[in-house]
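K.L.:
Here you go, one structure.
The values are calculated or read from the model by the stated rules, or taken from the named source; none is laboratory data. None of these values were measured; they are calculated from a predicted model. Don't worry about glycine lacking a Cβ; one is built from the backbone with ideal geometry, like all the others, and counts go over all protein chains shown. For the accessible areas, the whole protein counts, side chains as well, though only heavy atoms, and no ligand, DNA or RNA atoms are used. Shrake-Rupley method; radii C 1.70, N 1.55, O 1.52, S 1.80 Å.
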Amino acid sequence: MTSNDKISLEELNKRLADPSVSDEELTRYFEVDEKRSGPFSPVLALNPQTVSIPQTEEGNERSAALLNSANFIARLRRHVAFNARVGEGSYRGPILVSEGDSWFQYPFKLTDVIDDLMQRYAVFSLDAAGDTLSNMFREAEYMEAIANTGASIFLFSGGGNDVVAGGNLAAHLFDFDPAKSPAAHLRPSFNLVLDEAIGIYSKLVRQVALKFPNLQIICHGYDYTVPANGPWLGKPMASRNITDPALQKAIARVMVDRFNERLALLEASSARLHYIDCRNTVQEDEWYDELHPTNDGYRKVAKKFSNKIEELSPKPKAVDTRANKARAAISAETTSYRPVVHPSQAASRSAKPKDGPAGRSLHIGLNAVDPGHYAGWSGPLNACEFDAQDMYEIAGGLGYDANLLLTANATRDNVAGEIERAARDLSAGDIFFISYSGHGGQVPDFNGDEEDGVDETWCLFDRQLIDDEQYTLWSKFKPGVRVLVISDSCHSGSVIRAVSPDSPEVVVANPLARAMPLNIASRTFRQNRDLYNTLGSSLSSVEAQTVLRAMDTPISCSVRLISGCQDNQTSLDGLGNGAFTAALINVWDNGRFSRNYAAFHRAILGKMPETQSPNHWSIGPKNPVFDAQTPFAI
């Protein structure tokens, strides 16, 4: 090509602004600057073979300004196409809003997923190559776009940067070891990167689902990429002496699988979220680079999106209303594009979105127990029923199907029956929330599973519920169910904590320990020796089976406990609430608390007296979506 065949920067600007010039036609004027590109953030350079670039300081500035606006120009061209589509009068398909990374917008060089979908659908695109999950959630542009356009479907693509550890993959790999499997070459820190990503994903999806109760959300996982001596996979692996192509490919498959597994978990516990599994969609010869498919590969991914869109929008809606809303969206874009609802200003993120997973809860509070079983001791307390009623109100307000058992109704059979009904009814993605306020006790350990020789108990009205019994009840829940246990009783934890001396404490008037006195515990056991001996013997066979199963996965559901104190401590009662429950309610702050359970536990610790150290632990399969959620989220 001669210099006379090249176009000037002015002419290129005109062609970029002309919607009749297709992206395919513009491709020849750009190339990818490999040195400046980041993962899922391609940086374009002008093609010196097709564009005449003046070799002057002014020419360099003008070319740099043009390239810096590549994402903006690509977005603007898409908005013009969207407005033309909905304004033509014949379009009767769904209105879509898309937000995503370079799988949704690879400017000019590739025909990406959204480019393909826009051939058939009206898509209002907010996509930008290089956009990160945290930035998308922080800016939340999609909230205003969905409201303005009246969209029925939200398309989302994010997390690609996290799958490749933000370009720092080498830090999350062990050096090559022929004895290690592909998965064993990944450090545990890689899972933490993915868990942080899925936490943002979860909050974004919940934010959208709460605000738009009829909106469908479609997201996707990434396909099995092929390391090719690139800067994001191949070279970081080679820096760890992982040079065998087959091993590199196998490690990349593990990375992609782990991200997809987390998205599948998120789908199960989210409202109207539809996850598209793209694995084994793009063939090995259909990769443009290590992270992006070719046009043919993107077309196959877009087909999966199209199939899901058709499934979710079988009936067309009227045109005029959508067209007017779409024009309003374009008008808004040309002025100032700020979100209507910022994440920090949204309604409680714990509330249940329409069509979301089911939430069942049980709240137990005992201000007394049956003296007939407890050796003449009635165990009087002040605030346990108040605790249960407060937790019941919280759960009901968040959309749980809540149940309440107080004092005389809080029998062993009633409690176990409610738990068993929840175990029977709830499925993967659902949540069971149980709170207990009352005395905690201890009985001799009959099956040898306790190092201190005693089992911890809840003192129910007619007898104690042993922790081994609770474990057996949790084992009845189906895989994928989340179980949240809040226990404000004595002897309810097992680890040591430290609290800053400057942290404000929640003061409880007239504190009273929620612990069965040792002499009463001894007399109660001796009086009901046959019952507890028989119970211990019957649990032994069950526990023997679960111990074998615990070598793999102790239980099928994921159980999270936040308890009032440690095993060797007592929980304080009060007049209005127990100390732990009072601190919990104070931190939760009517749903304004927006961080995860670990942060929730730390905040509660900061408000507790030095003599009482709430515990936080989990059993069952790890559920990173559960870990990342805000307290009590359904």
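K.L.:
With respect to the numbered conditions (1) farther than 27 Å from residue 624 by Cβ; (2) at pLDDT 95 or above; (3) open to solvent by 20 Å² or more (accessible area, probe 1.4 Å), which one is the sole condition not fulfilled by residue 324?
P.N.:
So the condition that residue 324 fails would be (2).
K.L.:
Also: Select from the stretch 470-484 the residues that are touching a residue at least 60 places away in the same chain (Cβ under 8 Å) and either open to solvent by 10 Å² or more (accessible area, probe 1.4 Å) or in contact with a Ser or Thr (Cβ under 8 Å, 6 or more places away or on another chain) (or both) and list them in ascending order.
P.N.:
471, 472, 474, 475, 477, 478, 479, 480, 481, 482, 483
K.L.:
Ok, one more. Name the pairs whose Cβ atoms lie under 6 Å apart, with the first residue in the stretch 600-628 and more than 19 Å from residue 565 (Cβ to Cβ) and touching a residue at least 60 places away in the same chain (Cβ under 8 Å), the second among the polar types (S, T, N, Q) and in a strand (DSSP E or B), and 6 or more positions between them or separate chains?
P.N.:
These pairs meet every condition: 620/558; 621/558; 623/558; 626/558.
K.L.:
All but one of (1) in a loop (DSSP other than H, G, I, E, B); (2) out of contact with any Lys or Arg (no Cβ under 9 Å at 6 or more places or on another chain); (3) of a type outside the set (Asp, Glu); (4) surrounded by fewer than 21 Cβ atoms within 10 Å (Cβ to Cβ) hold for residue 291; which doesn't?
P.N.:
(4)
K.L.:
Restricting to the stretch 256-279, what's the tally of residues that are of a type in the set (S, T, N, Q) and either assigned to a helix (DSSP H, G or I) or modelled with pLDDT of 95 or more (or both)?
P.N.:
Within the stretch 256-279, residues that are of a type in the set (S, T, N, Q) and either assigned to a helix (DSSP H, G or I) or modelled with pLDDT of 95 or more (or both) number 1.
K.L.:
Separate question: Test residue 282 against the stated conditions and say whether it is modelled with pLDDT of 95 or more and either assigned to a helix (DSSP H, G or I) or more than 22 Å from residue 129 (Cα to Cα) (or both).
P.N.:
The answer is no for residue 282.
K.L.:
Looking only at the stretch 148-167, decide whether some residue is open to solvent by 10 Å² or more (accessible area, probe 1.4 Å), among the hydroxyl-bearing types (Ser, Thr, Tyr) and out of contact with any helix residue (DSSP H, G or I) (no Cβ under 7 Å at 6 or more places or on another chain).
P.N.:
yes
K.L.:
Here is a further query. Can you work out which of the residues in the stretch 36-84 that are part of a loop (DSSP other than H, G, I, E, B) and under 18 Å from residue 14 (Cβ atoms) is modelled with the lowest pLDDT?
P.N.:
69
Okay, residues lined up against (1) under 28 Å from residue 309 (Cβ atoms); (2) at pLDDT below 95; (3) part of a loop (DSSP other than H, G, I, E, B); (4) open to solvent by less than 40 Å² (accessible area, probe 1.4 Å):
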residue: 179; (1), (2), (3), (4): no, no, yes, no
residue: 197; (1), (2), (3), (4): yes, yes, no, yes
residue: 201; (1), (2), (3), (4): yes, yes, no, yes
residue: 210; (1), (2), (3), (4): yes, yes, no, no
residue: 219; (1), (2), (3), (4): yes, no, no, yes
residue: 230; (1), (2), (3), (4): no, yes, yes, yes
residue: 249; (1), (2), (3), (4): no, no, no, no
residue: 254; (1), (2), (3), (4): no, no, no, yes
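K.L.:
Turning to a different aspect of this structure: Please give the strands (runs of 3 or more DSSP E) falling wholly within the stretch 406-479 in which 2 or more residues are modelled with pLDDT of 95 or more.
P.N.:
In the stretch 406-479, 431-437 are the strands (runs of 3 or more DSSP E) which contain 2 or more residues that are modelled with pLDDT of 95 or more.
K.L.:
Could you list, in sequence order, the residues of the stretch 561-597 that are modelled with pLDDT under 90, open to solvent by less than 10 Å² (accessible area, probe 1.4 Å) and not in a helix (DSSP H, G or I)?
P.N.:
Result: 563, 564, 565, 566, 571, 573, 574, 578.
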